[in-house]
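I have placed the structure first, in the form of structure tokens, so that the comments after it can refer back to it.
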Amino acid sequence: MNRKSVIVSLLTLALMVLAACSNSESSGDPSPAEEFDQYRTEGIEPLHERSLELAEMGGHLNAMIPEPEKARDYITDEMIPHIEETQGLAEELQDGLINEEIKEVNQVTIDQLDLMIDSFNKQSEFLELHIPPVSDESYEESEAVYAEIMQLQEQIDNRTTEYNAKVDDLEQKYGI
């Protein structure tokens, strides 16, 4: 091969490498700021709306507390499925996320929802123990279950604090 054809081959190879690099940079992956903005609209806002719905459900539950069987059924038939559906949405979001910091924020949400499911299952168990007739034994057992509910609530509160701090950090980092 003569010198000109080697130079042309090298230049062609260099152009191909540059084109490949250029294509990978514009492969459609959003920047972290763009991904966070998208996560806010497709993740944070819809999940927040669902948490407001859950808060409304909590209000309905409070009105049912004098009827433990009805309250238990409401938790198991309405509230837990709502949380599980919300968790499914958060898990679907997780699969599409690229940025590790945003994945961490979303994982905190998934963990928090998992704890909420555990908490509401325990609340259902607690209410079950208060369906008349209530024996001394079931009352004592309910005290232990209540302590577990309080521990779960503390963990949920910690996750909420962690989530809020991570979102605040990302908002400051990406100027949103």
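Could you work out Rg/(2.2 N^0.38 Å) for the range 82-161, with Rg from alpha carbons only?
Taking N as the residue count of the range 82-161, the ratio is 1.40.
Quick check: pseudo-label points 7 Å beyond the Cα along Cα→Cβ at Glu154 and Lys173, how many nm apart are they?
3.0 nm
Ignoring ligands, DNA and RNA, what percent of the accessible area of the range 36-163 is carbon or sulfur (1.4 Å)?
Of the solvent-accessible surface of the range 36-163, carbon and sulfur hold 48 percent.
Glu101 versus Ala55, label points 7 Å from Cα toward the beta carbon: distance in nm?
If labels sit at Glu101 and Ala55, their model points lie 2.7 nm apart.
Enumerate the residues in the range 122-137 having an amide nitrogen under 17 Å from the point lying 7 Å beyond the Cα of Met64 toward its Cβ.
Flagged as within label range: 122-132.
Sort 162-174, 94-106 by the packing proxy (mean of other Cβ within 10 Å over each peptide's residues), most packed first.
By packing density, highest mean first, the sequence is 94-106, 162-174.
The values are calculated or read from the model by the stated rules, or taken from the named source; none is laboratory data. Just so it is clear, the structure is predicted and the values come from calculations on it, not from any experiment. Positions of Cβ are generated from backbone atoms using ideal geometry, with glycine treated the same way; all protein chains shown enter the neighbour counts. Accessible surface areas use protein heavy atoms only, side chains included; no ligands, DNA or RNA. Shrake-Rupley method; radii C 1.70, N 1.55, O 1.52, S 1.80 Å.
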